[in-house]
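*Asks:* I am attaching a structure below and will ask some questions about it afterwards.
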């Protein structure tokens, strides 16, 4: 099995709710994780809006899928990269986003940050390392 | 007078810019759906002397932006949306 593990990267560039891309991405990400692939998530451009804290979709009568992101750690999705430039352009900081973590079983389930703030150059290098890049 | 409706993020589309550069001063601009992300851009502050801005409350709430609405934007609910449409002669949606 282990030789069949590929590095999958999901690149999220759309805001949530206005289109179905963000939700569809999350569904596909969870499927990939269920097949025990090596999953990395990238949020850039309007994709950074997907992780903004404090969403309440009641009035807009849409499903609030933002809470699902906090479960990603339980699916062993521990590598989430945020483009700093995209945050800056939108007047946002990491404090405006959900705090996503995972528990490391090799270190007595120590809680660790899943989110890494990176620049465009680092993102480019990250994408070069992948076997498969899926864009949403 | 025209009611302009913008439903696209100003960071991902030129809809808001096209609306603002085309519309007559004094027009109204209603931000709905992803258009409410304009709350985070500088465009509203730059142009608020020319336009009357509104934003739909439920779309702000859905996106976690309720506390980030800049001065000069009136937050309205769905019945306020209906009133705006009724009170304007024409509506243009910048899809």
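*Asks:* Given a 10 angstrom Cα cut-off, can you work out which residue in A:59, A:32, A:73 is the most mobile in a GNM of chain A?
*Replies:* Comparing A:59, A:32, A:73 in the GNM, the peak value goes to A:59.
*Asks:* Points 7 angstrom from Cα along the Cβ direction at residue A:7 and residue B:18: gap in nanometres?
*Replies:* In this crude label model, residue A:7 to residue B:18 measures out at 3.9 nm.
*Asks:* Something else now. When a footprinting reagent is the concern and you count Cβ atoms within 10 Å, what order do B:66, A:105 take, fewest first?
*Replies:* On the way: B:66 18, A:105 9.
Lowest count first: A:105, B:66.
*Asks:* Given the -39500 (n - 2.57) contribution per DSSP H run of 4+ residues, what per-residue ellipticity at 222 nm results for the protein assembly as shown, rounded to the nearest 500 deg cm²/dmol? Before the final figure, lay out each step's value.
*Replies:* Working: 7 runs with 58 residues, N = 231.
Taken over the protein assembly as shown, the calculation gives -7000 deg cm²/dmol.
*Asks:* Whole angstrom only: what separates the Cα centroid of region B:35-95 from the Cα centroid of region A:47-100?
*Replies:* Their Cα centres are 23 Å away from one another.
*Asks:* How many Cβ atoms of partner chains, on average, are near each residue of B:21-27 if near means within 10 Å of its Cβ?
*Replies:* Values: counts 0, 0, 0, 0, 0, 0, 0.
Mean shielding count: 0.
*Asks:* Also, quick follow-up: Tell me, B:54, A:17, B:78 in order of fewest to most beta-carbon neighbours within 10 Å? Numbers along the way, then the final one.
*Replies:* Values: B:54 20, A:17 24, B:78 12.
By the 10 Å Cβ count, ascending: B:78, B:54, A:17.
*Asks:* For residue A:75 and residue B:95, what does the FRET efficiency come to when R0 = 45 Å and r is the distance between their Cβ atoms, rounded to the nearest 0.05? Kindly include the intermediate steps, with their values, before the conclusion.
*Replies:* Details: r = 36 Å, r/R0 = 0.81.
Step by step, r from the Cβ atoms, then E = 0.80.
*Asks:* Once you put a point 7 Å from the Cα of residue B:2 and another 7 Å from the Cα of residue A:64, both along the Cβ direction, what distance in nm separates them?
*Replies:* The answer from the label model is 3.7 nm.
Where a number appears in this text, it was derived from the coordinates with a stated rule and is not lab data. Remember, it's a predicted structure, so these values are computed and weren't measured experimentally. Neighbour counts run over all protein chains shown; Cβ positions are idealised from the backbone, glycine included.
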